[in-house]
Each structure stands twice: as C-alpha cells, then as structure tokens.
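**Q** Here it is, the structure in full.
Please treat every number below as a calculation from the coordinates, not as lab data. Being a predicted model, the structure only gives us computed values, none of them experimental. Virtual Cβ from ideal backbone geometry, glycine too; neighbours counted across all protein chains shown.
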Amino acid sequence: MTKRRFTLKKKNDRKSLAADICDHVVFSLSKEVDNATEHDIGKALALSMRDRLVERMMMTRDRFREAKAKRMYYFSIEYLLGRCLGNTLCNMELLSECEEMFKDIGYDLDEVRESERDPALGNGGLGRLAACFLDSLATLDMPGCGYGIHYEYGLFRQSIQDGCQKELADYWMADGMPMEIARPDQAVMIPLYGRVENSILPNGEYLPMWMDWEDIIGVPYDIPIVGYGGKTVNYLRLFAARASQSFDMEIFNHGDYIRAVQRKIESEMVTKVLYPSESVSFGKELRLVQEYFLVACGLRDITRRFSAQNKNFEEFADYVVIQLNDTHPALTVVELMRYLVDEKRIKWGTAWEITQATCAYTNHTLLPEALECWSVDLLEKVLPRHLQLIYEINSRFLDGVKKKYADDVEKIRRMSLFEEDGKKEVRMANLAVIGSHSVNGVSELHSDLVKRRLFPDFYEMNPEKFNNKTNGVTPRRWLLKSNPPLAQLLTDSVGKKWITDLSELKKIEKYATDTEFRKKFIAAKRKNKIVLSDFIRSTLDIKVSPDSIFDIHAKRIHEYKRQLLNVLHIIHMYLEMIDHGREPFCARTFIFAGKAAPGYWEAKQIIKLIHSVGEVINKDKRTKGLIKVAFTPDYRVSLAEKIIPACDLSEQISTAGTEASGTGNMKFAMNGALTIGTLDGANVEMREEVGAENFYLFGLRQEEVENLLVTGSYHPRGIYEKSPEVRQVLDALRSNRFSPKDPGMFSWIVDKLLMDNEQYLHLADFVEYIETQKIVDREYADPALWNKKAILNTARMGKFSTDRTMREYARDIWNIKALKDLE
Ligand code: 26V
C-alpha cells in the first residue's frame, strides 16, 4: 500500500507567519491591519498557530491510522491546561522568533500572552497531572488523547475581600478560545433517565429495553496538543451538552414553546459548570449526569472510530485502552458492558474480559471523604439500565469471591459494590477496581497504602493488578517556558537535550561548586524573585525584598496540607522577635496561594487567618522588614508559573500518609527551590533522588501517624503543656492579638488543635518543624552552601518528568508504543 503523506502547507519562517497573522486580522477578525490592537494581533497569532497545529494534527492522525496503532484514551473529568499560546509557541520552538517579530512591529508578545485567560477546567493536582500527561504523550510521539468536559464556567476565580475568600464565576471563553475546533458533525446522542422494560425473545434470550429516555447531544471541541518539536499533535476532546432536536420537536409540536425552550436550557446545564472539589458533590444529580455524560460521549466516539477501522469487537482491547483518572469516569466499566452486551450482543463473559482488558484505574486520594459513592435511588432514576448491570456485575463478582473465600461474610460485605449500611450506595472505587486490569497509585508510598489500607481484600485476591506510577510534571511548561533565565543557563551549560530528557540535567551536578556557574544560577533566581516582588507590590501593595528567603506554600487550602502549621511557625517567629527580642538569622517572605472549596468553612478561615496574621506583622515596624506575609489571590496555572521560579523554600508539609503524591513539590525543586517537607507522597522519592542532605525533612512517619491514630494515643494537650513554643503560639492565637476586631475569631483553631481526635496531628510535628526552619535559616545565610544544594535539586529531578511517567504507563499498563517505533 502506498502511504499517503501530508506535505505541510504552512511554513514556520518569519515571513510566512507574519503574512498569516495579517491575513487573520483581516479575514478572521475583520479589522484593518493598521488599526489592530495588541489583543487583535495576539488573536491572529493564535489563529495562525492553530492553522499549523491543525495540519500537523491531521498528519498525526494519518500516521496512527496507517500504523493501526493501539490508542490510549485518557478519561478525566478535569484538565487544568493553563494558557495555550505561550505553550504552543514554546513547543513549536517559535517563541524567540515571535518575540523578535513582535518587537519589530512595535508590539510586546509578553503582554499579549498575559492577556490570555487560563482555561481552568480543573480543581488542582488531578487536573494538572492530566494536562502534563498530554504534553508528554505528544512529545513522546505516542497515540494518547484526552477526553473531558467542555465546561462553560471553569473553577471559580478567587478574590479576597477583607481577608476572606469570595468566589466569582469564571467565564473563561469570554474572549473566545481561538485554539479549539468545534466538530458538530461528530456529535453523539446520550440517553438519560427513563425505565427498563424486561422482555424475553422467542429464543428464550433475555432482552432488556431501556425506554422513554431523554436525549442530550454531546458536541466535541478539540484542543490540539502539540508535542515538543511539533512533530506529533494529539488532541484533547471536550464535549459540550446541547439539547437534542428530536426531543424539542415533540414538545414544540404540542405547541408548548416556552416549555420546549426551558428543556433545552436544562439539558445544556449538564456542562455549564465545573464542580469545585467538595464531598457535598456526591449526591448531586447534576454531577452524576456529568460523569455519565463524559463516559458515554467518550465511548461512543471511540467505538465509532473502532468500528470504522475494525469489524470484530472481540479485538477491541487490542486497539483501545482507557485510563480512568480517579473514579469520576468509573461508569465507563458499566457503559462498555452495556454497549457490548446490549448493543453488540456479545456474551457476558467475553464482554467482561474485553471491558477489564480495556480499562485501567488510577487512584488519587486516600481521604475517606473523597471516595465516591452514588445512591442506588439516584442511579435508578438517572441510569436504570446501568443499575441493573451493576447488580449483575456485583453478583457474578461476589460468586467468585465466595468460591475463593467460602463463608467469609465480612469480606464479602467489604468487597461488594454496594454499601448496605444506611442508605444503599454504589462504591465507585470498588467498581473501578474490579472492572480494570490495572490499579495504580501515584507515588511509592501512596501505592503501598492503596494496597494495604484502601483495597486490602482486592489486593489479596488479585495482587498482579496493583502497581505504582509515580507522578511527574512536564519540564516544557514548568521549566523551559516558565523559567527562561534558568532554562537558558541549563541549555548554555549542557545543551538542549534536557528539554526532552530531563535526566540530562545530571550533568550540571559537577557545577554545583563551580563559582561561575553558581553566580549565574543565583542571578537567574534573583531575576525571578524581582519579577515576583514587583508583582506582589503592584497587586497587593506589599513591599518585599528579593534578598529575603522566599518561603512559599502554594496549593489548594486543606487541613491535611497543613497551611496552619506554616502559620503557627510565622506566629512563632514574630513572637520570638517582638516578645523575646530574638531576631531570625535571615529575612523571610512568606508567600501563600491557594483556593478553598466554597463550602469548606475551616479552609476559608485559614485564608482569613493568613491575612490577619499578615496584617499585624506587615504593619509592625518592629519586624524591621525581617518578616513579610503575602497571600497572592486566585492561584491558577499562570500564577504558579510566576511564583514557582522565584521560590527558595518550598513548603510540602502534609501529615504523612495524606498527600497521594503532590506535583507542585516537583515543580519547585526542579526550579531550584529546597524543600521543607514530611515523608509523604512523592516527597519520599524526591528526597531519595536529591539526597537527604539537600532536603529539609521533619515530622512523623506514616506508620507513626497511623499508630497514633488507630491507638488513640495522640494527646496534644500534653504537648501544649510541655512545650513553651507551642503554648506561646496558641495563647497568642487565643488572645486576639491577630483578631483585635473580632475577638474569639480564631479560638476554634486552638480548641481543635488541642483535641485528641485532631486528624492531622499539627502539634505532633510543630516543634520539629520550627527546629528544621532554624536550620533552613542558618543554611540560607551561607549562599555557597544553599545554592550548591539548590543546584543539586535541579540537577537530580530527572525522574520527575512526566516523560518518564508516560513511558512507564505505556509499557506496563497500556501496551502502546511511540509511533516512530511502529513505522
Ligand atoms: C477530593 C476531595 C473531595 C471531597 C473533600 C475534599 C477532597 C480533597 C481532595 C480530593 C482529591 C481529589 C483528587 C486529587 O486531586 N488528588 C491529587 O492528585 C494529584 C495527582 O495525582 C496528587 O499529586 C495529589 O497528591 C492528590 O491530592
């Protein structure tokens, strides 16, 4: 067969690009080039880049088809992409070219880039990981695409009023999304609600019929995902809900125009807004519908593509693998069974084998309140046929369990898909485990806990399913694009190869004690710190010194992440200065960033506390500028890109055993920050890689935490009574020193920290935390020592590139290959 080969029409030289930008200003934006604003030019640049990506996306598609490659589909309810323009230019290696071109015509590319809004279609770690995975898959030339939801409103924007978080709607498409490609021709129809009619065929076969359902249409929008170097362009396919025509027609025909329009609006609600992570979402009908919508749209798209190329569904899993990003898309297991059994009339046993071989599940959290359960009543209402199938899957599965473990009733109760205590519910994690051929955690420690704590019975029964895939981050966005001064220094020192092989940075180890290199490394960090200082001054009106330690805690606000422990340390430092006249070795700027879930009262109070403590300290002349506290609002990918390169000390201080992996920890260390952290999540492996002497470790180990919690032997009041530091800090908190206008405002914190059942053991780790912070202080005062350690952190982070993570998934779980290895 002769291979059809694409020739690229769009060239990347400056002349062609400039001509295309002018064309887009005129023909897409309908403006005159001479009157175009900076914003117009930016849009035209984005459209010109889109043209280039579209061509390459078609070329990639043809290559995959010709190779009959097995494809991986990543199912995720969230993608935290961040801005697209800079990333596209960076991966197409056109950034400096475009910068110069813009300068020539009197525009500032940086400003244009700053004006792009972040598509924030995710909450935090889980969604950002998905985005990093897509970047790596495309860079590795692997057939892997993302499937998700085209939310109209992304994660709420955070504003701070009087120290409190206020949420604002995030209408991220206000300016249009020039990169995306609508594909209404590939829309799919999704049935919901209705009832099941049970009938028997003349040959005795059982034929369930799903009747009286309502249809919603899923319209795909593709966002091209360009790998570094621009050869491979995969896509992220996001589905938006639209009302179905036929459904409307019925009501219209009955003459009830307003009701018809109302139904139309209701069905479009499905993809209106991203849920901010909160346990209250479980039980919300709309959320369940969203989860099913993603799964049903995704599978229809995949089966259609498969049918076009293959005849035999028994071979489905040879060509398709679906990775479930947490349990949110766990209904994939049921929907695929429904498709194979009801629509393709494949025998149950075969269908189950295909389903298991197709699905793989990643767990991202151990927090019990975050494990999804859906009530049987709600499932019955929304997805009656699926509920039937879940019963059938459960009964066959439990038959197997009984065969193996005879009468262990307790075990059977634990392994059942149904939680029967109280309101009857389906446990989505159990469904994901039994319907998948692989179950993985996201760091060594976490994967171990997934086996031992979360799914011990399933692990005992099928140990071969369970595995670890330690997370990573893409060095393209998180080093090359976000930290130009350091990226340049690295390239000047070891060449460009690190961009696609991060382990190359090992080569800078030898410069850790080289004075010249160290000088340049310090200069790069300083440059980034000045940029952040300017930003903090202009947005918060707080003056911070780039000579101080930038001590940064940036992540979602949650009790388990212990922002509170950090605040207790700040109060401690302040009291040491003011009440005891003991000045710290080094000046520090404490920087916080992160959103609290809108219904999470404690997290919102912590934000208020950070502001209250900051206000007292920043105003107090006696601190002589030795301590400053800044909370940069609306943490999101673009803000992370500003903050992380400027960090000296990265706070990764969760209670051991609670943070599944963390990925911010990796971004900070890669950018030459030192970590102060507990042995939790991927911190454990980071410390192994960078060396214990280059990591500030403190705190209880996971086993110690577990032991204290299960034996009920944590008694924080004893710590309070023994330790003067703890007493002083808690007494100050209770004394209203930080809440003069609201007496008693923070006493709940003191009360909670002193309770025996305080889950996150703040006080158990506090004294060691402040001791470790003192070591940090002393070592920062020695720039040669500090920067040697910082350089070694950057040098030794090779493992934490998602390129490595994706290779491992491809090899161990997906059985997919880089296309260039198939051609
Ligand atoms: C879910 C919920 C829902 C209910 C209440 C509060 C709560 C808190 C956390 C979560 C976790 C959502 C899943 C998630 O984002 N996990 C994160 O996944 C990252 C990527 O694997 C990992 O690095 C983080 O450690 C992990 O928290």
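**Q** Starting from residues that are more than 14 Å from I791 (Cβ to Cβ) and of a type in the set (G, A, S), keep the ones in the stretch 458-515 and report whichever is farthest from the chain's Cα centre (by Cα).
**A** By that ranking, first place goes to G495.
**Q** Kindly provide the set of residues from the stretch 677-700 that are of a type in the set (V, I, T) and either in a loop (DSSP other than H, G, I, E, B) or within 16 Å of the ligand (Cβ to nearest atom) (or both), ordered by number. Talk me through it step by step, then tell me what you get.
**A** Residues of the stretch 677-700 of a type in the set (V, I, T): 678, 684, 690.
Once the filter is applied, which keeps residues that are of a type in the set (V, I, T) and either in a loop (DSSP other than H, G, I, E, B) or within 16 Å of the ligand (Cβ to nearest atom) (or both), the stretch 677-700 yields T678, V684.
**Q** Let me ask something additional. Considering only the stretch 740-767, how many residues are assigned to a helix (DSSP H, G or I) and of a type outside the set (K, R)? Don't jump to the end; show me each part of the working.
**A** Residues of the stretch 740-767 that are assigned to a helix (DSSP H, G or I), as a first pass: 747-753, 762-767.
Now drop any that are not of a type outside the set (K, R), which leaves 747-751, 753, 762-767.
Final tally of qualifying residues: 12.
**Q** Of the conditions (1) over 27 Å from the mean Cα position of the chain (by Cα); (2) surrounded by fewer than 20 Cβ atoms within 10 Å (Cβ to Cβ); (3) under 26 Å from G283 (Cα atoms), M415 satisfies every one except a single condition; which number is it?
**A** If we test M415 against (1) over 27 Å from the mean Cα position of the chain (by Cα); (2) surrounded by fewer than 20 Cβ atoms within 10 Å (Cβ to Cβ); (3) under 26 Å from G283 (Cα atoms), just (2) comes out false.
**Q** Oh, and also: If we scan the stretch 653-663, do we find a residue that is acidic (D, E) and surrounded by fewer than 24 Cβ atoms within 10 Å (Cβ to Cβ)?
**A** Within the stretch 653-663 (the criterion being acidic (D, E) and surrounded by fewer than 24 Cβ atoms within 10 Å (Cβ to Cβ)), the answer is no, since none of the residues qualifies.
**Q** Do we have L449 as surrounded by 17 or more Cβ atoms within 10 Å (Cβ to Cβ), part of a helix (DSSP H, G or I), within 16 Å of the ligand (Cβ to nearest atom) and not hydroxyl-bearing (S, T, Y) here?
**A** Against the criterion (surrounded by 17 or more Cβ atoms within 10 Å (Cβ to Cβ), part of a helix (DSSP H, G or I), within 16 Å of the ligand (Cβ to nearest atom) and not hydroxyl-bearing (S, T, Y)), L449 qualifies.
**Q** So, one more: Hey, can you tell me all the residues within the stretch 358-401 that are within 13 Å of F418 (Cα to Cα), touching a helix residue (DSSP H, G or I) at 6+ places or on another chain (Cβ under 7 Å) and either part of a strand (DSSP E or B) or within 12 Å of the ligand (Cβ to nearest atom) (or both)?
**A** Selection gives E372, C373, W374.
**Q** Out of all the residues in the stretch 344-392, which are out of contact with any strand residue (DSSP E or B) (no Cβ under 7 Å at 6 or more places or on another chain) and of a type in the set (D, E, K, R)?
**A** K344, R345, K347, E353, E369, E372, D377, E380, K381, E392, listed by residue number.
**Q** From the list L29, L53, L89, which residue is more than 16 Å from the ligand (Cβ to nearest atom) and either aromatic (F, W, Y) or not in a helix (DSSP H, G or I) (or both)?
**A** Of L29, L53, L89, the one residue that is more than 16 Å from the ligand (Cβ to nearest atom) and either aromatic (F, W, Y) or not in a helix (DSSP H, G or I) (or both) is L29.
**Q** Quick check, is I322 within 28 Å of R63 (Cβ to Cβ) and touching a Cys at 6+ places or on another chain (Cβ under 6 Å)?
**A** Numbers: within 28 Å of R63 (Cβ to Cβ): yes; touching a Cys at 6+ places or on another chain (Cβ under 6 Å): yes.
It is true that I322 is within 28 Å of R63 (Cβ to Cβ) and touching a Cys at 6+ places or on another chain (Cβ under 6 Å).
**Q** Mind checking which residues of the stretch 575-590 are surrounded by fewer than 24 Cβ atoms within 10 Å (Cβ to Cβ) and either part of a helix (DSSP H, G or I) or in contact with a helix residue (DSSP H, G or I) (Cβ under 8 Å, 6 or more places away or on another chain) (or both)?
**A** L575, E576, M577, I578, D579, H580, R582, E583, P584, F585, C586
**Q** Still on this structure, please answer the following. Kindly indicate the residue of the stretch 262-299 that is assigned to a helix (DSSP H, G or I) and more than 19 Å from P191 (Cα to Cα) and also farthest from the chain's Cα centre (by Cα) among those meeting that condition.
**A** Filtering first and then ranking leaves V280.
**Q** Which of the numbered conditions does K789 fail, given that it passes all the others? Conditions: (1) in a helix (DSSP H, G or I); (2) surrounded by fewer than 17 Cβ atoms within 10 Å (Cβ to Cβ); (3) of a type in the set (K, R).
**A** Single failed check for K789: (2).
**Q** In addition: So, in the stretch 120-133, exactly how many residues are under 8 Å from Y79 (Cβ atoms) and either more than 9 Å from the ligand (Cβ to nearest atom) or in a helix (DSSP H, G or I) (or both)? Before the answer, list the steps.
**A** The initial filter retains those residues of the stretch 120-133 that are under 8 Å from Y79 (Cβ atoms), namely 121-122, 127, 130-131.
Add one more test, that the residue is either more than 9 Å from the ligand (Cβ to nearest atom) or in a helix (DSSP H, G or I) (or both), and what stays is 121, 127, 130-131.
Total meeting the criteria: 4.
**Q** Turning to a different aspect of this structure: Output the qualifying pairs, or none if there are none: Cβ atoms under 6 angstrom, residues six or more apart or on different chains, first residue in the stretch 145-165 and more than 30 Å from L294 (Cα to Cα), second residue basic (K, R).
**A** Between residues of the stretch 145-165 that are more than 30 Å from L294 (Cα to Cα) and residues that are basic (K, R), the close pairs are S159/K166; G163/K608; C164/K608; Q165/K604.
**Q** Still on this model: What are the pairs, 6+ residues apart or on separate chains, where a residue within the stretch 198-224 that is touching a residue at least 24 places away in the same chain (Cβ under 8 Å) and closer than 16 Å to E152 by Cα has its Cβ under 9 Å from a residue that is buried (at least 19 other Cβ atoms within 10 Å of the Cβ) and among the acidic types (D, E)?
**A** G218/D301; P220/D301; Y221/E180; D222/E180; I223/E180
**Q** Looking only at the stretch 520-564, which residues are more than 16 Å from the ligand (Cβ to nearest atom), part of a strand (DSSP E or B) and within 30 Å of P598 (Cα to Cα)?
**A** Residues satisfying the conditions are F550, D551, I552.
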